[in-house]
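Enquirer: Here it is: the structure, laid out below.
The values are calculated or read from the model by the stated rules, or taken from the named source; none is laboratory data. Quick caveat, the model's predicted, so the values are computed rather than measured. Backbone-built Cβ (ideal geometry, glycine too); neighbour counts: all protein chains shown.
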Amino acid sequence: MRTFFIGSFEEEKIMPVYNFAAGPAVMPVPVVNQIQKELPSLNGSGMSIMEISHRSAQFDEILQTAKQDLRDLMAIPDDYAILFFQGGGTGQFAAAPLNMATKYHRIAVLDSGQWATRARDEAANLGVTADTVGSSLADHYHHLPHLAAPLAKDTYDYLHITTNNTIEGTAYRDLPNANGTPLIGDMSSNILAQRYRVQDFAEIFAGAQKNLGPAGVTLVIVKKALVHHLTGLPSMLDYDLFIKKDSLYNTPPVFAIYALGLTLKWAKAQGGVDALQARNEKKSAKLYAFLDQSKLFHNLVQPKDRSLTNVPFVTGDAKLDQAAVAAAAKAGLMNLKGHRSVGGLRASLYNAMPEAGVDALIDFLHDFEQHH
Ligand SMILES: *Cc1c(COP(=O)(O)O)cnc(C)c1O
């Protein structure tokens, strides 16, 4: 007999907050509540999700349901595999070139920010030639880079783009014209937040901890015809092996996949990606409209390239930025500190951030401005 202590903490002492963290990030309240409710005993089994076998029928249903829900949400065609890895988006900076840069051993990278440079450097680190084919570094990444010249044909295994630049606050609405070269998208921070056509990509990958659930699982969606059986790869990064084993070559992150599955159910209940995108457009437009008229807080990104999910802004005075972050936390508006490399503030407005959170943030910033 097990004794459970769920509910023994003093709920009334928890201050209601809005969490603007960039990742791990806010999750939908109903999802967290369902996890709490089901944690001691999954489906009346007397065992928690953390205790069941990844080979059990129960987990198989969780895995297959998550894949189908994702297929529905993103309209993923049947000729694309859905795979779950560990190692985060960063793991895929290695896995993508190892699996997909096998013909020319050369990739093209649009340098739209720090995650793009990380991907480029990791590919180079693995012996793949990684050419920067456009960069907005000189403009501090305040706009999206364009291809400096049309992409050379039959030269690159793929073009790497970061669909949403989490640190810099830009996002692609229209994809670059890759001139027939396959496209790989790091969608870590706007997957399910913005509609893309899966067919436009050879591969999409995303760490879960921004829009899909908790940290610990990494999603890969890859066109099966482009995946080859290779020798000499670490098994844990091997797309062909993971396709053959349905992501169950070894023990997968069982809990993270379960929580991701609940998050997908929630996303469906919200009306799917189009409804979520419409909500994200509204939320971010409100914040940008405030920032554009503010005399104190400024978003420096070119308007047409602005992200729906990550909104960085500054006062121009690092001390005042810090004061704003601290005062906001006191008011229950958490984790507004900008990325350590760019400073300032950053509000991440992922799917699970309600519009009321954005309203509360704008009220706070307005008030702060009046007093400074
Ligand atoms: C967070 C992030 C990553 C890194 O993800 P990890 O899971 O921490 O490795 C990569 N790319 C983008 C766009 C991100 O936002």
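Enquirer: Any chance you could count how many residues in region 59-70 are surrounded by 16 or more Cβ atoms within 10 Å (Cβ to Cβ) and either out of contact with any strand residue (DSSP E or B) (no Cβ under 7 Å at 6 or more places or on another chain) or assigned by TED's automatic domain parsing to the domain that holds residue 277 (or both)?
Expert: Counting residues in region 59-70 that are surrounded by 16 or more Cβ atoms within 10 Å (Cβ to Cβ) and either out of contact with any strand residue (DSSP E or B) (no Cβ under 7 Å at 6 or more places or on another chain) or assigned by TED's automatic domain parsing to the domain that holds residue 277 (or both) gives 5.
Enquirer: Restricting attention to region 83-111, and to residues there that are of a type in the set (Gly, Ala, Ser) and at positive phi, which single residue is surrounded by the most Cβ atoms within 10 Å (Cβ to Cβ)?
Expert: Here the residue is 88.
Enquirer: A further question on this structure: For region 46-79, how many residues meet the condition of being touching a Phe, Trp or Tyr at 6+ places or on another chain (Cβ under 9 Å) and more than 22 Å from residue 270 (Cβ to Cβ)?
Expert: The total comes to 7.
Enquirer: Which ones in region 321-332 are surrounded by fewer than 23 Cβ atoms within 10 Å (Cβ to Cβ) and of a type in the set (A, V, I, L, M)?
Expert: Once the filter is applied, which keeps residues that are surrounded by fewer than 23 Cβ atoms within 10 Å (Cβ to Cβ) and of a type in the set (A, V, I, L, M), region 321-332 yields 323, 325, 326, 327, 329, 331.
Enquirer: Identify the residue in region 179-191 that is part of a loop (DSSP other than H, G, I, E, B) and within 14 Å of the ligand (Cβ to nearest atom) and, among all such residues, is surrounded by the fewest Cβ atoms within 10 Å (Cβ to Cβ).
Expert: Looking at residues that are part of a loop (DSSP other than H, G, I, E, B) and within 14 Å of the ligand (Cβ to nearest atom), I get 188.
Enquirer: Which members of region 74-116 meet the condition of being within 11 Å of the ligand (Cβ to nearest atom) and in contact with a Pro (Cβ under 7 Å, 6 or more places away or on another chain)?
Expert: Result: 86, 112.
Enquirer: Restricting the search to region 308-345, which residues are within 30 Å of residue 274 (Cα to Cα) and of a type in the set (Ser, Thr, Tyr)? Give the steps one after another, and end with the answer.
Expert: Let us first name the residues in region 308-345 that are within 30 Å of residue 274 (Cα to Cα), namely 308-313, 332-339, 345.
Of everything in region 308-345, just one residue is within 30 Å of residue 274 (Cα to Cα) and of a type in the set (Ser, Thr, Tyr), namely 309.
Enquirer: Which of the residues belonging to region 194-212 are part of a loop (DSSP other than H, G, I, E, B) and away from the ligand (no atom under 12 Å from the Cβ)?
Expert: 194, 195, 196, 197, 201, 202
Enquirer: Here's another thing I want to ask about it. Could you tell me whether region 159-174 includes any residue that is more than 27 Å from residue 256 (Cβ to Cβ), away from the ligand (no atom under 14 Å from the Cβ) and assigned to a strand (DSSP E or B)?
Expert: Yes: region 159-174 contains one or more residues that are more than 27 Å from residue 256 (Cβ to Cβ), away from the ligand (no atom under 14 Å from the Cβ) and assigned to a strand (DSSP E or B).
Enquirer: When region 234-265 is examined, which residues are found to be β-branched (Val, Ile, Thr) and within 18 Å of residue 222 (Cβ to Cβ)?
Expert: Initially, region 234-265 is screened for residues β-branched (Val, Ile, Thr), giving 243, 251, 254, 257, 263.
243, 257, listed by residue number.
Enquirer: Still on this model: Being surrounded by 14 or more Cβ atoms within 10 Å (Cβ to Cβ) and in contact (Cβ under 8 Å) with a residue 24 or more places away in the chain is the requirement here; does residue 318 meet it?
Expert: Judged against the criteria, residue 318 is not a match.
Enquirer: Now, a different point. What are the residues in region 259-290 that are free of Cβ contacts under 8 Å to residues at least 24 places away in the same chain and within 21 Å of residue 344 (Cβ to Cβ), if any?
Expert: 285, 288, 289
Enquirer: Just the residues that are under 30 Å from residue 280 (Cα atoms) and among the charged types (D, E, K, R), please, taken from region 14-66.
Expert: Of everything in region 14-66, those that are under 30 Å from residue 280 (Cα atoms) and among the charged types (D, E, K, R) turn out to be 37, 38.
Enquirer: For region 213-243, which residues satisfy the criterion of being more than 16 Å from the ligand (Cβ to nearest atom), in a strand (DSSP E or B) and not aliphatic (A, V, I, L, M)?
Expert: Hit for region 213-243 is 223, nothing else.
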